[in-house]
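Values in this text are rule-based calculations from the coordinates and carry no lab data. The structure displayed is predicted, hence computed values, not measured ones. Neighbour counts are summed over all protein chains in view; Cβ atoms, including those assigned to glycine, are modelled from backbone coordinates with ideal geometry.
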Amino acid sequence: MGIKILGTGSYLPERVVTNDDIAKALDTSDEWIYSHTGIHSRHVAGEGESTSTMAAEAARRAMAAAKVAPSEIGLVVLATSTPDYNPFPSTACIVQGMLGCENAGAFDLQAACAGFVYALEQARGFVNFYPDRKALVIGAESLTRILDWTDRASCILFGDGTGAVVIGNDEPPGDASAHTTAPTILGADGNGSHFIMRTGGCREATGVSKGEIGAKPPPVAPHLTLQGHDVFAFAVRKLSKVVGDLCVKLGTRPDELDRVFAHQANGRIIEATARRMKLPLEKFWLNLETTANTSAASIPISLDQAVRSGELSDGMKIVMVGFGAGLTYAGTYCTWPNL
């Protein structure tokens with residue numbers, strides 16, 4: 001009884017870019033990239049693909065797995081840092097239309113790589129009070145389209161992809177929350193907002209804001225910037241703390257977890273987190289060797305892969321945990337598939 005994940009789905013673009021492909025244009029190699037990141041290749045959205053088209057495909061697969069019709073979806077929450085438009089209309093609304101979820105509200109959520117856990121918590125609150133309706137939670141990214149492909153420090157890290165889950169509730173309105181003890185932690189540290197950024201936006205005055213009536217908007221070429229060492233230190237510290245704090249809240253220990261689904265940012269971050277927590281690396285789901293960092297999509301992609309491979313089964317104790325630009329961090333405890 002209660003709130004649970006009813007189905008999972010994911011989508012990775014067909015095109016694959018290997019480290020050797022990147023080495024043809026930059027002073028690097030597959031050996032160097034893998035030794036520093038744990039990544040061999042990444043998927044790249046092709047012509048005609050976008051965050052919305054990939055999100056819709058992952059969502060269709062999740063709804064099929066959940067045996068839920070579009071008309072049953074009451075809310076679509078889409079976590080992304082790479083929306084189709086910047087920033088409106090929301091990509092969630094575009095996906096809602098593609099899927100025919102005519103009874104659903106829809107909005108985007110931006111918490112970077114921690115976005116899926118943030119979005120999952122919003123949807124969990126929704127189905128708690130509207131148990132007759134289902135929620136669709138999506139993490140979707142087209143990160144390769146905002147990279148500076150001359151910057152070896154950042155372009156090697158990211159890939160494109162989407163993951164989705166459908167959640168529902170089989171208890172009366174408001175009852176489910178009485179049976180959980182704060183299974184989620186959401187946090188932020190805005191003092192590190194400059195560690196990971198996408199340039200552009202509305203911070204600087206242009207046109208009429210500067211008194212220039214009739215001026216054309218400036219050309220926009222936003223791209224991602226990254227301070228890797230600062231991000232690494234923050235990530236290892238927060239990932240281990242969030243997992244530990246969640247276990248304390250739920251009366252368990254990290255070594256009693258069956259799996260940790262951590263945001264797939266960098267293999268060395270996950271290895272350092274495992275050492276800090278004194279856990280075997282085998283406790284952590286790893287797929288970034290072939291997906292790279294897919295930001296808000298990485299956790300739901302991992303969940304779907306684990307479910308479909310049979311490595312995530314009912315009753316397993318797991319934590320989903322992520323961190324990202326903002327800086328943001330988030331984690332949630334789950335006895336699969338119950339939230």
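Taking the conditions (1) farther than 16 Å from L147 by Cβ; (2) crowded, with 18+ Cβ neighbours inside 10 Å in turn, K67 satisfies each one other than (2). Checking each residue in the range 15-33 for being closer than 15 Å to T291 by Cα, touching a residue at least 60 places away in the same chain (Cβ under 8 Å) and not hydrophobic (A, V, I, L, M, F, W, C) picks out only N19.
Checked against (1) of a type outside the set (A, V, I, L, M, F, W, C); (2) part of a loop (DSSP other than H, G, I, E, B); (3) more than 30 Å from H229 (Cβ to Cβ), D304 passes all but a single condition, namely (2).
The number of residues in the range 67-94 that are touching a helix residue (DSSP H, G or I) at 6+ places or on another chain (Cβ under 9 Å) and in contact (Cβ under 8 Å) with a residue 60 or more places away in the chain comes to 12.
The rows are residues; the columns are (1) hydroxyl-bearing (S, T, Y); (2) surrounded by fewer than 21 Cβ atoms within 10 Å (Cβ to Cβ); (3) outside any loop (DSSP other than H, G, I, E, B); (4) at positive phi.
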| position | (1), (2), (3), (4) |
| --- | --- |
| F232 | no, yes, yes, no |
| L239 | no, no, yes, no |
| G244 | no, yes, yes, no |
| K249 | no, yes, yes, no |
| I269 | no, no, yes, no |
| L286 | no, yes, no, no |
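What are the residues in the range 3-59 that are small (G, A, S), surrounded by 14 or more Cβ atoms within 10 Å (Cβ to Cβ) and within 24 Å of the chain's Cα centre (by Cα), if any? Of everything in the range 3-59, those that are small (G, A, S), surrounded by 14 or more Cβ atoms within 10 Å (Cβ to Cβ) and within 24 Å of the chain's Cα centre (by Cα) turn out to be G7, G9, S10, G38, S41, A45, S50, S52, A55, A56, A58, A59.
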